[in-house]
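One structure is given below, encoded as structure tokens.
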């Protein structure tokens, strides 16, 4: 068939826009392609291990042996294991107490650092030290502080006449629990304090000036200005704090190995002990999987709270 000649000066018919042409100019698709490397990283290093761990929890796999599917047998065994329920109590107690104390002290520290004071920049830098020091080094330092024979705390209290003998920090059940909580609080406060301080920097000073002119006290300024505007940041930072505390492993393992008599064992350390040291991968995976509902609940509480704008703004909910 002969080609159709185009008269001189005549315009050619416009080319039909294809689906590929639309993709090249669509900003949403462009953003998607930029996200593909991050998605691949998350799937490879987060999603795949999570799915594999859940699958192993339904098997009797051991180190060196694949194992067969056993259904809910591992979970049924855990339900009858008194040590597992003790560890659940330890984990919840450790997480709740440490998170509450870290929030209270971190918020107070953030409010303090937000005020005018000399050497404020240096103090802010020093506050970060507990957070930037590697966890294992922090745990070793506390291990020496809590040593039953050479504890500097026991020595100082003996010298002041407050006690007669050394305190058994890590050998007594409740002493060990409070000791590991204190170590976690010391390490976690900087993260909360600096994050809340960054949020305080975004609050307009004019709001405080107007409240002061209206006769508002310091508590009223905090209650009706600082706290409502800081609430979204508090929700996010406390979610991370709870997740980090609930899944804590290094600090506990270096300090106590879960002792004495499982008093400081958390679900993460018990899972490691049963799966890696004990060789029972299926049981250890079941303990790890049992952590998911608690973590999911913490995330959902934060997510639903952030969706309620009246709650974010400090207003009453209907």
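For the range 86-135, enumerate the residues that are part of a loop (DSSP other than H, G, I, E, B) and surrounded by fewer than 16 Cβ atoms within 10 Å (Cβ to Cβ).
Hits for the range 86-135 are 115, 116, 117, 118, 119, 128, 133, 134.
Only one of these is part of a helix (DSSP H, G or I), in contact with a helix residue (DSSP H, G or I) (Cβ under 9 Å, 6 or more places away or on another chain) and more than 30 Å from residue 92 (Cβ to Cβ): 211, 198, 216. Name it.
Exactly one of 211, 198, 216 is part of a helix (DSSP H, G or I), in contact with a helix residue (DSSP H, G or I) (Cβ under 9 Å, 6 or more places away or on another chain) and more than 30 Å from residue 92 (Cβ to Cβ), namely 211.
Here is a list of conditions, (1) modelled with pLDDT of 90 or more; (2) part of a helix (DSSP H, G or I), and residue 232 meets all of them except one; can you say which number that is?
(1)
Could you check, for the range 228-250, whether at least one of its residues is surrounded by 14 or more Cβ atoms within 10 Å (Cβ to Cβ) and more than 19 Å from the chain's Cα centre (by Cα)?
For the range 228-250, residues surrounded by 14 or more Cβ atoms within 10 Å (Cβ to Cβ) and more than 19 Å from the chain's Cα centre (by Cα): present.
Collect the residues in the range 275-318 that are surrounded by 12 or more Cβ atoms within 10 Å (Cβ to Cβ), at pLDDT below 90 and more than 20 Å from residue 241 (Cβ to Cβ), keeping them in residue-number order.
314
Quick grid of which residues meet (1) assigned to a helix (DSSP H, G or I); (2) surrounded by 11 or more Cβ atoms within 10 Å (Cβ to Cβ); (3) under 27 Å from the mean Cα position of the chain (by Cα); (4) modelled with pLDDT under 90:
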residue: 15; (1), (2), (3), (4): no, no, no, yes
residue: 21; (1), (2), (3), (4): yes, yes, no, yes
residue: 29; (1), (2), (3), (4): yes, yes, no, yes
residue: 44; (1), (2), (3), (4): yes, no, yes, yes
residue: 53; (1), (2), (3), (4): yes, yes, yes, no
residue: 67; (1), (2), (3), (4): no, yes, no, yes
residue: 78; (1), (2), (3), (4): yes, yes, yes, no
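Here is a check on your reading of the model: is residue 83 modelled with pLDDT of 90 or more, surrounded by 10 or more Cβ atoms within 10 Å (Cβ to Cβ), in a helix (DSSP H, G or I) and touching a strand residue (DSSP E or B) at 6+ places or on another chain (Cβ under 9 Å)?
no
The values are calculated or read from the model by the stated rules, or taken from the named source; none is laboratory data. Everything numeric in this text was worked out from a predicted model, so none of it was measured. Please note: Cβ atoms are built from the backbone with ideal geometry, for glycine as well, and neighbour counts cover all protein chains shown.
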